[in-house]
Amino acid sequence: MTGFGKLYSKAGFGNAFRDWCDEAGLLQCTAHGLRKAMMRRLSEQKTSQQGIKAVSGHSGDQEVALYVAAANQRERWRTTRSPRFPIGNCLTNHDKHV
């Protein structure tokens, strides 16, 4: 609720959240970024699409499905990569200094 007892508009909430993050010294945080991070973490914890939608406020499955698919892809990568060839050994000298 705003200081006037009204509901925030979408833009108004984003602006207020930006101010709150700035006041807290969290300059890298945004409402949208934290919402995306929450959806990613829920996806990684195998939360159902319906469960993610209930928390995130999404009404459709399309965007939520993107987070679930990305989490599934990361999990497949984690479980199929070979311990004999860790990804860090594939970096070039240039990549190591960046």
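For the stretch 45-98, which positions are among the acidic types (Asp, Glu), modelled with pLDDT of 60 or more and more than 17 Å from Leu34 (Cβ to Cβ)?
The answer is Asp61, Glu75.
Select from the stretch 33-50 the residues that are touching a helix residue (DSSP H, G or I) at 6+ places or on another chain (Cβ under 7 Å) and either surrounded by fewer than 13 Cβ atoms within 10 Å (Cβ to Cβ) or among the small types (Gly, Ala, Ser) (or both) and list them in ascending order.
Ser43, the sole residue that qualifies.
Do you know which of the residues in the stretch 1-14 that are more than 24 Å from Ile52 (Cβ to Cβ), of a type outside the set (Gly, Ala, Ser) and surrounded by fewer than 10 Cβ atoms within 10 Å (Cβ to Cβ) is modelled with the lowest pLDDT?
Restricting to residues being more than 24 Å from Ile52 (Cβ to Cβ), of a type outside the set (Gly, Ala, Ser) and surrounded by fewer than 10 Cβ atoms within 10 Å (Cβ to Cβ), the top hit is Met1.
Considering Ser43, Ser9, Ser59, which residue is in contact with a Phe, Trp or Tyr (Cβ under 6 Å, 6 or more places away or on another chain) and not hydrophobic (A, V, I, L, M, F, W, C)?
Going through Ser43, Ser9, Ser59 in turn, just one is in contact with a Phe, Trp or Tyr (Cβ under 6 Å, 6 or more places away or on another chain) and not hydrophobic (A, V, I, L, M, F, W, C): Ser43.
Find the residue count for the stretch 58-82, including only residues that are assigned to a helix (DSSP H, G or I) and under 16 Å from Arg41 (Cβ atoms).
13
Enumerate the pairs (first residue in the stretch 12-27 and in a loop (DSSP other than H, G, I, E, B); second residue anywhere and at pLDDT 90 or above) with beta-carbon separation below 8 Å, excluding pairs fewer than 6 apart on the same chain, so at least 6 apart or on different chains.
Leu27/Cys21
Among the residues that make up the stretch 15-29, is at least one of them surrounded by 14 or more Cβ atoms within 10 Å (Cβ to Cβ) and within 13 Å of the chain's Cα centre (by Cα)?
yes
Which one of these does Thr47 not meet: (1) more than 22 Å from Glu75 (Cα to Cα); (2) more than 12 Å from the chain's Cα centre (by Cα)?
(1)
The values are calculated or read from the model by the stated rules, or taken from the named source; none is laboratory data. Nothing here was measured: the structure is a model prediction, and the numbers come from that model. Because the Cβ atoms are built from the backbone with ideal geometry, glycine has one as well, and the counts that use them run over all protein chains shown.
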